[in-house]
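Written out below as C-alpha cells is the structure these notes cover.
The values are calculated or read from the model by the stated rules, or taken from the named source; none is laboratory data. Everything quoted here is computed from the prediction, not taken from an experiment. Here Cβ is always computed from backbone atoms with ideal geometry, including for glycine, and neighbour counts include all displayed protein chains. For the accessible areas, the whole protein counts, side chains as well, though only heavy atoms, and no ligand, DNA or RNA atoms are used. Shrake-Rupley method; radii C 1.70, N 1.55, O 1.52, S 1.80 Å.
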Amino acid sequence: MPRRSPPLPYSVRSFYAAGEEPDGKALIEVAGRGPSSFAAYAAGGGFRALQRLRADGNAAEVLRQIYASGLRGCGGSHLPLARKWQAAMPYAPRYLVINGLEGEPDTFKDYFLLRDYPHIVLEGIAISCRVLGVREAYLVINAAYHECHMALEAVLQQHGAWFDDLAIHLLSGPEQDLYVVGEETALLNYIEGRRGEPRLKPPFPHQSGLWGQPTVVNNVETLSWIPILLTDAARFAGRHPKLVTLLGDVAAPGIYEVTLGQPLCEILQQAQPEDISFVEIGGISGGLVPAARLDVAYADDALAPLGVQVGAGTLRVFGHGCDPVAEMARALEFFQAESCGRCTPCRVGTRELARFARALQDGAVSAEDIHWAHRVAATMQHSSTCGLGRAAPLPLLSYLKHFAEPQDD
Amino acid sequence: MINLQINGQCLQAAPGTTLLELARRHDIVIPTLCHLPGREARSVCRLCVVEVAGQERLFPACSTAVSAGMVVRTHSQKCIHTRQVLMEFIIAEHGGLHTLSPPLRALAAELGVSAARFALTPQHAADGNRYGSDYIRLQQDKCIHCDRCIAACRDHHIIHRAGRGANTQLTFGTHNTPLAETPCTSCGDCVAVCPTGALSEQG
C-alpha cells in the first residue's frame, strides 16, 4: 500500500482511460500528471542505493540482497532475477537490454513507471549495469510512450553525472505496435535493425545476444524494483510485490501494487468493479475466467488449474452483458495478425483457431470441430518457437474450459 | 563425450552435436522439411520435433544440441500427433497435397495424412507474383514458408520473409524489389530445393 517515504510509486490510483482499439495498442489519455522531479526524488531518499554501490563497489552484496528478496521477472516469465543474472555472469555480459515495449494490449504498468518514475527506472538500470559489469544499456520504449521517452532523455541530459560511466541508449519501439517484438530475442533483432522475429534458443541472449555479444534482457518493472528492495527491505519481507493494470468495467481503473498470492477477489475490489461477469487474467495472452471461479490466490501455481497465468499482470473486468465468446474471438484475431509468420504451428495455427472462434461465435461448431481445435492448440503449445505461439491458444482453451464445456464441480 | 538415450538406445555424442545428426548416424529416422544438410538450421517447419523426458514442450531435433542424461523419444504419440497436425497445416497452406514434392507426399502418407480438414483463403494480392525474374517464377500462394530457399540461397540477402500472420510473404532484396533487380544469378538453387513450386523455372 502507498507509503510516504521514500516517495516511490503506487500512490496513484487511477489516472488514465484506455480506449478500446480492437487490434494494437489502446490509446492512452493522460490526466496531466507530469513526471516527479529529480530534486523530489533525490530528497526523498532516491539514489541512495546507487550512491552506496558507487561508494563501496560491493556488487556481490547487492546481488545477495536481490537473491534474498526473491525478485522475479515482472515481464511475464516470473523467473528469479538473481538466478537469471547468475547464469549470465560467467559469460561477462556486454549489454543490458531493458524491455519497455509493453506490447501486451491494455497493459500500462511500464508506462506508469516510465512516465511518473523515470528516476527509479534509471537508478534500477544503473545499479543493474554495475552489478552485471555492463557499460552499455539499451532501453527500448513503446513508440506510443513518446512523452516518457522525452522525460527520460531530459533526466539523462541534466543529471548525467549519476550515470557518468554508463552509456544508456533510449530507443523507440516499432511504429506499428509489433507485439512479437516484445519477445526478448525479437527485441534484439529489432535493435540490430533486423526483422522483428524471434531467434532460436539456444543460444540464449546471455550466451549470444545483441550483435552476438552476451546480453541480459530485463523488463522495466523488474529493474525498477531493485532500488526499492535495496532501500526498503520491508517491502519484500515475506511477499513479492507486483504492479497490476486493472481496468474494464470498474469505477477506479489504474495501476495497483499487489502481493503475489493475495486473494484475487481482494485485488479486484480495489478497482471497485460494478458487477463482474468474467475477468481476463494475464492480458490478451491470458484467458477468461467466470466470476464464480475467482476465489483463488493471484499466483501462477494457483491460477494454473484455471488455465491462466499472472503474465504481465493485466486484469480486465467484464460486467454483465459482455459476451465472453466475442472477447475470445477478438483475442484470436489479434494473434493471427500478430504472429511473425516464421514457424508453421503459429502462422497457420493462429489462423485456424481464429476461424474456429468465428464459427463458435456463429454457433456453428460440432463436437468434432472442438476436438480438432484442441489438437491445433496442443500442436501450437508443443511446437511453436516462441511464447506467442505457445500462449495464443490460451484464450480459446480457457473459454472452452469455463464457458462451453460441462463444469466438473 | 556426452551420454544420452534416444528411443531407449544408449548413445554417445560430442558436445554441440544436434539430436538430428546423432539420430541419422544411428539410422533413427526423424522427418524433416526445412533442414538442409550443411546449412544453418532454420527450425521453422517443426516437423522434426521430439520429446525430451521431463519437458512439456517438444524440441526441434535439427537445432537442439545433445546434453548429458537426455532421454529422447522421436516417435511418441505426442510427436506423431503434432507432426500430423503440422502436415495438415502445410497441405492447407499450400492448397492441396498433390502438387507437393514427392518426399513431402511420402511423409504425409507415412503420417497417415491424406488431406487437410480446413482450407485457408489466399491472402496475397494478385500482383504478389510479379516479382520473379525472366528465369525464376514466384507463386506466392503455393509457398509454405519452409525457408529452404532462404537457406539454399548463396547470397543471404536475396530471399526474405516479409509481412506477418496470414500476410507472410516471400520477398526479394531488402526492400521487396523484383528478383531481376537483386544480385540474383539465377543459379536455380532455390528452385531445386522448393518443395511446393512456389519458386519454379519460367516455362
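Let me spell out the model: positive unit charges on the Cβ of Lys and Arg, negative unit charges on the Cβ of Asp and Glu, origin at the Cα centre of chain A. What dipole size does that give, in debye rounded to 20? Write down the numbers at each step before the final one.
Details: 35 positive and 45 negative charges, 307 e Å.
Dipole size: approximately 1480 debye.
Based solely on its DSSP helices, what 222 nm [θ] is calculated for the protein assembly as shown when runs of n ≥ 4 H residues each add -39,500 (n - 2.57) and the sum is averaged over all residues, nearest 500 deg cm²/dmol?
Numbers: 21 runs with 206 residues, N = 612.
Theoretical 222 nm ellipticity from helices: -10000 deg cm²/dmol.
How much of the DSSP bridge set in chain A is antiparallel, in percent, rounded to the nearest 5? Walk me through the intermediate numbers first.
Details: 20 of 41 bridges.
Percent antiparallel among DSSP bridges in chain A is about 50.
Could you name the lysines in cross-link range of A:Lys84, using Cα to Cα under 26 Å and dropping any fewer than eight places away on the same chain?
A:Lys109, A:Lys201, A:Lys242
Could you tell me the relative contact order of chain B? Use alpha-carbon pairs under 8 Å, at least six residues apart, and round to a whole percent. Mind dumping the intermediate values first?
On the way: 348 pairs, mean separation 36.8, N = 203.
With pairs under 8 Å counted, the relative contact order is 18 percent.
Can you list the aspartates and glutamates whose alpha carbon sits under 17 Å from that of B:Lys78, skipping same-chain ones fewer than 8 residues off?
B:Glu51, B:Glu56, B:Glu88, B:Glu110
Exposed loop trypsin sites (Lys or Arg not before Pro) only (DSSP loop, at most 16 other Cβ atoms within 10 Å): please give the longest stretch of chain B free of them, not including the sites. Don't skip to the answer; put the middle values down first.
Details: sites that count: B:Arg39, B:Arg57, B:Arg117, B:Arg130, B:Arg154.
Segment B:58-116 is the longest.
Give the ranking of A:Met89, B:Met70, B:Met87 by solvent-accessible surface, highest area first, calculated with a 1.4 Å probe. Spell out each step's value before the answer.
Working: A:Met89 65, B:Met70 25, B:Met87 0 Å².
Ranking A:Met89, B:Met70, B:Met87 by accessible area, largest first, yields A:Met89, B:Met70, B:Met87.
For peptide A:324-337, compute the average count of partner chain beta-carbon atoms within 10 Å of each residue's beta-carbon.
Values: counts 0, 0, 0, 0, 0, 0, 0, 0, 0, 1, 1, 1, 3, 4.
Per residue, the number of nearby Cβ atoms from other chains is 1 on average.
Which value, in debye to the nearest 20, describes the size of the charge dipole of the range B:57-176 about its Cα centre when Lys and Arg Cβ atoms bear +1, Asp and Glu Cβ atoms bear -1, and nothing else is charged? If you can, show how the numbers build up before the last one.
Details: 13 positive and 8 negative charges, 67 e Å.
About 320 debye.
Give the relative contact order (percent, whole number) for chain A; include only Cα pairs under 8 Å separated by 6+ residues.
Values: 757 pairs, mean separation 65.5, N = 409.
It rounds to 16 percent for chain A.
Taking Cα pairs under 8 Å and at least six residues apart, what relative contact order does the range A:239-318 come out at, in percent? Numbers along the way, then the final one.
Details: 170 pairs, mean separation 28.7, N = 80.
For the range A:239-318, the relative contact order is 36 percent.
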